[in-house]
Amino acid sequence: MSARKAIDLDETIDVLIAVPPRTLLLDVAGPAEAFRLANQVLERSGALPRFCLRYTGAQPHVESSVGLQVAGLEPLPRTLHRPTWLLLVGQHSDTLKQPDAATRQTLDWLRRDMQPLLLAIDTPHRLLTVCAGTLMAARAGLIGTQRCTTHHDYLDMLRTLAPQAQVVDNRVFVVDGAVASSAGVTAGIDLALHLIASACGDAVAAATAKTMVVYLRRTPNDPELSPLLAHRHHIHPALHRAQDAVCERPDAGWTLDTLAAAAHVTSRHLLRLFADHAEVSPMTYVEKIRLERARQALVRGASVTRAAEAAGFASDLQLRRAWGRHLSGTPRSARSSS
């Protein structure tokens, strides 16, 4: 898979969802709702929506895995006219083993029309897969040597279909360049939130997750999962106000008093809210958010000094000490592995 061209911060992204027969409905609806709600968050802040949801298929209407009819699908496009995230989703297990005529037609379209666009040098497009959608991508030759994952029931099948790929077990999702794959069903929401954060900012992703009453899942083995929505599986508005403020401006000189002012509560009350609902102290929360901002900067190639400054740490030493308290390795090793 070639490198992906950077997309302007205000450029509209088409989210093109391929809907073959017997599609797993939640694989479609989960990510689609996340992108739709992200647009609402942006519009409420006075910004333009970023995501244009489109649904395409070899047939204008299909039956989903739960029997619900999905209609009004646009024909499979021959080309892409603006930056596009092509989303491939799972299907009923019987269809996976023996693809029907419409699924085979979709595979032909992926090979013939989408493969050259997705594999082009500096492509502005990217491939997203949910659950067994990764199998469809593999059958169409879209994976190559990329790191990827799928539902645990289909990992061996994925290895057979994409023998050169680096198939990763036990991950909620994996992002490798222009390929972003997820383990299945609700993991598609996790992946969508991660991509919303990368395209629109952490605060937009946090607000989207809050509306959906979900939070980004984390595993010790996957450093790509953002912790920016950790400690947020609650519905207390004052605490969310404080956390939103930290996510928006982690480099601000946060103290207990300024956090309390952002939450519109007293400092003593904010301490209780963090203890009861977030299960972490306010300043530890600030430190974790700053660490994630620093880690992101390091992955993008920033020096340790610049990453510390961008994240709000007073010095390299302060960053290294915080890193040692919460993360493995060192800031320098995170930068060298980017």
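The values are calculated or read from the model by the stated rules, or taken from the named source; none is laboratory data. Every value quoted in this text rests on a predicted model; they were computed, and no experiment measured them. Using ideal geometry, Cβ is built from the backbone for each residue, glycine included, and neighbour counts are taken over all protein chains shown.
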Quiz item: Are there any pairs with C-beta distances below 6 angstrom linking a residue in region 22-38 that is of a type in the set (S, T, N, Q) to a residue that is crowded, with 23+ Cβ neighbours inside 10 Å, with the two at least 6 apart or on different chains, and if so which?
Solution: 23/89; 23/91
Practice problem: Pick out, from region 13-122, the helices (runs of 4 or more DSSP H) lying fully within it that include 2 or more residues that are surrounded by fewer than 19 Cβ atoms within 10 Å (Cβ to Cβ), small (Gly, Ala, Ser) and modelled with pLDDT under 95. | Solution: 101-109
Self-check item: Candidates 216, 128, filtered to the one that is buried (at least 17 other Cβ atoms within 10 Å of the Cβ) and either at pLDDT 95 or above or in the same structural domain as residue 328 (by TED's automatic domain parsing) (or both)
Solution: 128
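Can you say whether residue 147 is at pLDDT 90 or above, surrounded by fewer than 18 Cβ atoms within 10 Å (Cβ to Cβ) and over 25 Å from residue 20 (Cα atoms), as far as the supplied structure shows?
On the way: at pLDDT 90 or above: yes; surrounded by fewer than 18 Cβ atoms within 10 Å (Cβ to Cβ): yes; over 25 Å from residue 20 (Cα atoms): no.
In short, no.
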Quiz item: Does any residue of region 143-150 turn out to be under 21 Å from the mean Cα position of the chain (by Cα), in a strand (DSSP E or B) and either free of Cβ contacts under 8 Å to residues at least 60 places away in the same chain or assigned by TED's automatic domain parsing to the domain that holds residue 25 (or both)?
Solution: yes
Quiz item: Quick check, is residue 309 surrounded by fewer than 16 Cβ atoms within 10 Å (Cβ to Cβ) and of a type in the set (Asp, Glu)?
Solution: no
